[in-house]
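The structure appears below as structure tokens.
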Amino acid sequence: MRLVPKGAPMTTSILVVYATTEGQTAKVARFVTDELRLAGAEVDCLEAGTADPRPEEYDAIIVAASVHASAFQRPVEQWVRRHAAALRQRPTLFLAVCLAVLQRDPKVQAELQQIVGRFSQKTGWTPAEVQFIPGALRYSAYGWLTRLVMKRIAARAGGDTDTSRDHEYTDWAEVRVMTLGFLAALREGAPTMP
Ligand SMILES: Cc1cc2nc3c(=O)[nH]c(=O)nc-3n(C[C@H](O)[C@H](O)[C@H](O)COP(=O)(O)O)c2cc1C
């Protein structure tokens, strides 16, 4: 089920599939979609679990999901596992939204790589390119217990502990650069394949 109409032969069609728990990855997926469309690509942006798009119908696929308790959302894992064979045949980019990327500690960075490694093992898909994107502390979206836990984690990691408001760390200029870089590589025919 491809939603965008078939365009001119030179048009690049891209599927963006995302999973989100508190909404930041949905915001990233929408931003990426808008940037790609502005640059002339045809884009379908769908939330995993609400639809089952077929990667075969697109030139390239961007998957975006966020890290919670060292894992990505189950619906995105299930979609990727179902379509791993097709994803392996296409240029792909995995946007991993998290907070640990803000910590410079090499041990923390190694843990992030392990989280993606476990995701690859479970799904059978090794993304050609992975970008870790700083997400947000959305205190307003948490229940009281999660708010308390996240405040403690933030305090230990040197993050923001004012729970009366949300804190966004996503660098939109950086997301724009990586999105347009991916599109440029696709158009040059030097896309990222595993
Ligand atoms: C309960 C909970 C657990 C989290 N666990 C991790 C984690 O293990 N590693 C990490 O880097 N970030 C973790 N985060 C931070 C999220 O990845 C970050 O808030 C991200 O922006 C969430 O994206 P979303 O709003 O799309 O769900 C956690 C956040 C929450 C609320």
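Inside the stretch 54-88, can you point out the residues that are closer than 17 Å to G23 by Cβ and buried (at least 24 other Cβ atoms within 10 Å of the Cβ)?
A64, A65, S66, F72, V76
Considering only residues that are free of Cβ contacts under 8 Å to residues at least 24 places away in the same chain and under 12 Å from the mean Cα position of the chain (by Cα), look in the stretch 9-47 and name the one that is farthest from the ligand (Cβ to nearest atom).
Restricting to residues being free of Cβ contacts under 8 Å to residues at least 24 places away in the same chain and under 12 Å from the mean Cα position of the chain (by Cα), the top hit is T33.
For R88, which of the numbered conditions (1) among the charged types (D, E, K, R); (2) in the same structural domain as Y58 (by TED's automatic domain parsing); (3) free of Cβ contacts under 8 Å to residues at least 24 places away in the same chain fails to hold?
R88 satisfies all of (1) among the charged types (D, E, K, R); (2) in the same structural domain as Y58 (by TED's automatic domain parsing); (3) free of Cβ contacts under 8 Å to residues at least 24 places away in the same chain except (3).
In the stretch 52-74, is there at least one residue being at pLDDT 95 or above, within 9 Å of the ligand (Cβ to nearest atom), in contact with a strand residue (DSSP E or B) (Cβ under 6 Å, 6 or more places away or on another chain) and not small (G, A, S)?
The answer is yes; a qualifying residue exists.
The values are calculated or read from the model by the stated rules, or taken from the named source; none is laboratory data. Bear in mind the structure is a predicted one, so any value in this text is a computation, not a measurement. Methodologically, a virtual Cβ is constructed for each residue, glycine included, from the backbone with ideal geometry; neighbour enumeration extends over all protein chains shown.
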